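Worksheet for the structure shown next.
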Amino acid sequence: MAFSDDVRRIRAIVWKDLTTERRSKAGFNSVASLGVTILVLFGLALGPDGKALHDAAAGALWLAILFAGVLAFNRSYQVELDGGALEALLLYPGARWAIFAGKLIANLIFVTLMLVIVVAVGIVLFSVDVPATWPRIVLIMMLGVVGIVSLGTFYAAMSSRSRAREVLLPLLLYPMLIPVLLAAMSATKALLFGDVMNEAGAWMQMLVIFDVIFLVATFLAFEYVIEV
Amino acid sequence: MFPAHPNQFGPPKPAPAWLGWLAFLFFVFAQVFSVVTSPADAMMGHLQKNMYVHVPAAWVAFGAFGVVLVASLYFLWRDDERADLLAASSAEVGSLFCGLTLVLGMLWGRPTWGVWWSWDARLTTTLVLFLIFVGYLALRSFVEDPHRRGQWSAAVGILGAINVPIVWMSVQWWRTLHQIQSNPRGLSPVYLRGLLLNVAAFTLLTIWFIWRRYEAARYERAAEHAAQAAALGGYNA
Amino acid sequence: MPSGMAGGGVGYVVASYVITWVVLGAMLMRTVSSVRRARAEYDQAAKGEFRT
Amino acid sequence: MVSGKAVHFIGVLRLENKGAIALISGVSTSAPLLSPDLALDARGVARRFGARWVLRGVQLQVRAGEMVGLLGHNGCGKSTFMRIVATLLKASAGDCFVYGSDVKTAGDDVRHHVGFFSHVPGLYDDLSARENLAFAATMLGFPSADIDAALERVGLTHVTHERVRGFSAGMQRRLSLARLILQRSRLLLLDEPYNNLDVAGIALMNAFIRELNAAGGAALVVLHDLVPAAGVLDRTVIIRDGRVHAPTPDDLAHDGASPQAITLPAGAAGIS
């Protein structure tokens, strides 16, 4: 009974976040364009040598997702802070973790959509040959996104309500995401090159471990950072 | 005293003066003893002596972060502000030693490996730990409300601590899979005595540092509580 | 291990020790002075309490 | 503090989940034992912001079915106190109970009872009026609530499907009121509820408060001006120097209201 209430609340928050996001189209468009722009900049930095670009594709892709994603996380709380909606949100009865779950799922969908665009552009710009193992790459991308979004949604709950939110979120988030980025980049890169050293499996394991641990940890800790 | 609130406390018990003196004298002794008694290593020459500052610094940095973890958990569990102050003090001292470890590691790596930095699991993990500490301290400085600051930084501290073994594991995998150079070789037992002495000295010093920083934080809060008692003085009188 | 180390590297060792001592010394000063300052602040506040 | 005058120590002892038992020591213990009949029971609630103590031990009891006005100068801590009761802010010291539930430890129970009408609208600009209410209803746990009836009641039927972004401040207030109507809480916390409302809106608000009162609910209403609340309040208290007092006729005059507008029970300080 109580649980189905929570599920209903989670659904409502997801719907609300995505609807507001969809209606202010500028948000998604600008975040996705930023991701593409970062890819272009990486292309220019690593420049015109096709092989170097190809080698760096996985890393560039993940960094573009990370940098653009950070904007999405702060945005998702900005909606709540305008007009004091967070106050109203916190006053509804029910478990706090439902708020986190709702925001998390909405951010997952948001970042996944952005990922689709960035990956499509990346394949073109970095002349990536899509390997036959692409379903595994998709799986790794989903695992990586879950890791980034769970921590991003969690830390943004604090940073968006503090002074210096622009600098605080990356400062807290990036070091925490090093394992997940390392694993996601390495696995993606390995699969793009045919996984000759058979390492993608190990990285996938790492991603699963990371996701499970930090999903549990952020769900438990969210209550402490959202109130007061 | 006025309020029935767990977070009301008076001034701290000062750290005993003898502990400070002991820590410093012991530290000087350990440093001199180990430098004087250890012969030049066959492979590394005098460079081996870097070990007597580098390894203890790394050890106390990780230890201090362990204190942050435990104190943060206790704070969230019991809502005892003293635990938050202890976590903050440990984080400060820990980040100092963590930074020191990194610099000393570079001073060892440059003549040994020919590079200032290597993406070795230990170095990388220490660097990530240092960055997490920096974020933790930045968060503390950006949040004014003490209760909010306590809860937020406790959450950040705990998550950061959880992340350390994961970072270690990921860098280890990354390194072995890519076959970068191997670890520095294990340390000869001949030098163990000096190392242990210095580890003990650094630990003592760190305890004293944390204690004094904690003491300062307690005085600051006690001053605020005294002001509170004055402000709330005749309530309902 | 690259490059012969025996005899070399003394400069690096000296640097390690100097840096360690300077950092710890600075920490000592900072810690002691912060305790002293906080203590003075507290004494002031405590006196204020008795006045009211 | 150190002198021998009235020193109050009110602690709450929890005994094996059998409920809270108030433990009162010291002199002049007029505070009653914890009672679930009290809609609101604030005991020495204090709150500081930085070094500034805004509340210094608020004692206030509101019985179920009682409508209490809360006056005070700007920055005297009225809103702070409301936010503490609503679990949006933690008290630095003191205890506060809503229908017997501790705001510190049983926040979720408190939120089931409390309807908070804040001075910010708390709406989503990119959702329509109806969508905002539907979201609120789901979050409140009343997914089948009659949203259209609530919209009609606050007079927003003509803009049901328009986005809140285009609403005037008064319309947003009305929409917030519609949300409060959906909620049907047992303790209303109204923070300057008449702001931005026109005469019809004020009447609407008062009708709602009376209706809730008739159903046995309580209300704490922060006011600057007593006139709009004429005939609604049972008593009025004032926060001065971080504590609750009975207002003097002077206070009421300063606050721009005629003392006749409200009834002042004898000894209407916070402690009843």
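Do we have D:Arg165 as at positive phi, open to solvent by 40 Å² or more (accessible area, probe 1.4 Å) and either modelled with pLDDT of 90 or more or of a type in the set (D, E, K, R) (or both) here?
no
Do the conditions hold for A:Met206, that is, is it at the interface with another protein chain (Cβ under 7 Å from one of its Cβ atoms), surrounded by fewer than 19 Cβ atoms within 10 Å (Cβ to Cβ) and of a type outside the set (Ser, Thr, Tyr)?
No, not satisfied.
Go through the residues of region D:47-59 one by one and say whether even a single one is open to solvent by 20 Å² or more (accessible area, probe 1.4 Å) and on the phi > 0 side of the Ramachandran plot.
Checked against the condition, which is being open to solvent by 20 Å² or more (accessible area, probe 1.4 Å) and on the phi > 0 side of the Ramachandran plot, region D:47-59 yields at least one hit.
Just give me the residues in region A:167-224 being part of a loop (DSSP other than H, G, I, E, B) and modelled with pLDDT of 90 or more, in sequence order.
Filtering region A:167-224 for residues part of a loop (DSSP other than H, G, I, E, B) gives A:177, A:193-199.
Matches in region A:167-224: A:Leu177 only.
Report yes if A:Ile65 is within 14 Å of chain D (Cβ to nearest Cβ) and open to solvent by less than 10 Å² (accessible area, probe 1.4 Å), otherwise no. Walk me through it before giving the result.
Working: within 14 Å of chain D (Cβ to nearest Cβ): no; open to solvent by less than 10 Å² (accessible area, probe 1.4 Å): yes.
Here the answer is no, as A:Ile65 does not meet what is asked.
Which condition breaks for B:Trp173 when tested against (1) at pLDDT below 90; (2) under 22 Å from A:Phe214 (Cβ atoms); (3) under 23 Å from the mean Cα position of the chain (by Cα)?
Result: B:Trp173 passes all but (3).
Which ones in region A:126-166 are touching a Phe, Trp or Tyr at 6+ places or on another chain (Cβ under 6 Å), of a type in the set (A, V, I, L, M) and assigned to a loop (DSSP other than H, G, I, E, B)?
Listed by number, the list holds a single entry, A:Ala164.
Among the candidates D:Val110, D:Val114, D:Val154, which residue alone is more than 12 Å from every other protein chain (Cβ to nearest Cβ), within 23 Å of the chain's Cα centre (by Cα) and crowded, with 18+ Cβ neighbours inside 10 Å?
Result of the check over D:Val110, D:Val114, D:Val154: D:Val154.
If D:Leu175 passes every condition in (1) open to solvent by less than 10 Å² (accessible area, probe 1.4 Å); (2) touching a Phe, Trp or Tyr at 6+ places or on another chain (Cβ under 8 Å); (3) farther than 20 Å from A:Asp82 by Cα; (4) of a type in the set (A, V, I, L, M) but one, which one does it miss?
It fails just one condition, (3).
Across region D:122-144, which residue is nearest to the other protein chains (Cβ to nearest Cβ) among those that are open to solvent by 30 Å² or more (accessible area, probe 1.4 Å) and in contact (Cβ under 8 Å) with a residue 24 or more places away in the chain?
Among them, the one singled out is D:Asp125.
Working only within region A:87-97, note down all residues that are more than 8 Å from every other protein chain (Cβ to nearest Cβ) and of a type outside the set (Lys, Arg).
Answer for region A:87-97, where residues must be more than 8 Å from every other protein chain (Cβ to nearest Cβ) and of a type outside the set (Lys, Arg): just A:Trp97.
Just to be sure before I move on: is B:Ala161 over 30 Å from C:Ala15 (Cα atoms), modelled with pLDDT of 95 or more, crowded, with 18+ Cβ neighbours inside 10 Å and within 16 Å of the chain's Cα centre (by Cα) in the structure I sent?
For B:Ala161, the condition - over 30 Å from C:Ala15 (Cα atoms), modelled with pLDDT of 95 or more, crowded, with 18+ Cβ neighbours inside 10 Å and within 16 Å of the chain's Cα centre (by Cα) - is not met.
Test A:Ala156 against the stated conditions and say whether it is hydrophobic (A, V, I, L, M, F, W, C) and under 26 Å from A:Leu81 (Cα atoms).
yes
The values are calculated or read from the model by the stated rules, or taken from the named source; none is laboratory data. Predicted model only: the values in this text are computed from it and were never measured. Counting neighbours? That spans all protein chains shown, and the Cβs are built from the backbone with ideal geometry, glycine included. These accessible areas exclude ligands, DNA and RNA; they are computed on the full protein's heavy atoms, side chains included. Shrake-Rupley method; radii C 1.70, N 1.55, O 1.52, S 1.80 Å.
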